[in-house]
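Report on one structure; see the data block that follows.
The values are calculated or read from the model by the stated rules, or taken from the named source; none is laboratory data. Keep in mind that what you see is a predicted model, and the values were worked out from it rather than measured. Here the Cβ is made from the backbone with ideal geometry for all residues, glycine too, and neighbour counts use every protein chain on show. The accessibility values were calculated without ligands, DNA or RNA, using every heavy atom of the protein model including side chains. Shrake-Rupley method; radii C 1.70, N 1.55, O 1.52, S 1.80 Å.
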Amino acid sequence: MKAFRLDELEAERAANDGAYLQFLRERNMSVGLYALDAGEPDPQKPHQQDEVYFVVSGRASITVGLETTQVARGSVVYVPAGVAHKFHHVTEDLRVLVVFSPPES
C-alpha cells in the first residue's frame with residue numbers, strides 16, 4: 001500500500017519551488033498535486049493523457065475546450081487527452097489532485 005498526506009505533499013511541493021509535484025507513478029496512471037495561488041496564471045498546455053482534476057481547496061474557473069465552469073473544493077473535472085484547458089480567475093489559492101492515465105510522460 002502507498003498512502004499520502006496532503007499537508008506533507010503540499011510542503012514537499014512548496015519546498016521544490018514548483019507548481020506541480022508528481023507523487024505516484026504506476027503502470028496505468030500517475031497522480032500529482034497542482035497549485036496555483038490566487039491571481040496566478042495557469043501555464044498548462046494540452047496533455048497527451050486523459051486527466052481528472054479533484055479540487056482539494058481554493059476557487060477558480062476552468063475552461064476545457066469551449067466550455068467553462070466554476071470549481072471549488074470537491075469539484076471533479078475530466079479533461080480528455082489533447083484538449084486545451086486552463087484554470088483562470090483563481091480567486092483563492094487552488095490545490096488540485098491530478099490523475100493522468102496513462103501516466104504523464
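Failed condition for residue 10, given (1) open to solvent by 90 Å² or more (accessible area, probe 1.4 Å); (2) of a type in the set (D, E, K, R); (3) within 15 Å of the chain's Cα centre (by Cα); (4) more than 19 Å from residue 80 (Cα to Cα), with all others met?
It is condition (1) that residue 10 fails.
Quick one: in region 34-90, of everything that is assigned to a loop (DSSP other than H, G, I, E, B) and of a type in the set (Lys, Arg), which residue is least open to solvent (accessible area, probe 1.4 Å)?
Start the filter on region 34-90 by keeping residues that are assigned to a loop (DSSP other than H, G, I, E, B), which leaves 37-49, 65-66, 73-75, 80-84.
Next, from what is left, pick out any that are of a type in the set (Lys, Arg): 45, 73.
On the way: 45: 142, 73: 193 Å².
Only one residue tops the list, namely 45.
For residue 58, are the conditions met, namely being of a type outside the set (A, V, I, L, M) and over 10 Å from the mean Cα position of the chain (by Cα)? Can you show your working first?
Values: of a type outside the set (A, V, I, L, M): yes; over 10 Å from the mean Cα position of the chain (by Cα): yes.
Yes, satisfied.
Out of everything in region 91-105 that is outside any strand (DSSP E or B) and loosely packed, with under 15 Cβ neighbours inside 10 Å, what residue ends up being modelled with the lowest pLDDT?
105
Output the qualifying pairs, or none if there are none: Cβ atoms under 9 angstrom, residues six or more apart or on different chains, first residue in region 32-44 and of a type in the set (S, T, N, Q), second residue open to solvent by less than 50 Å² (accessible area, probe 1.4 Å) and not in a loop (DSSP other than H, G, I, E, B).
44/34; 44/85; 44/87
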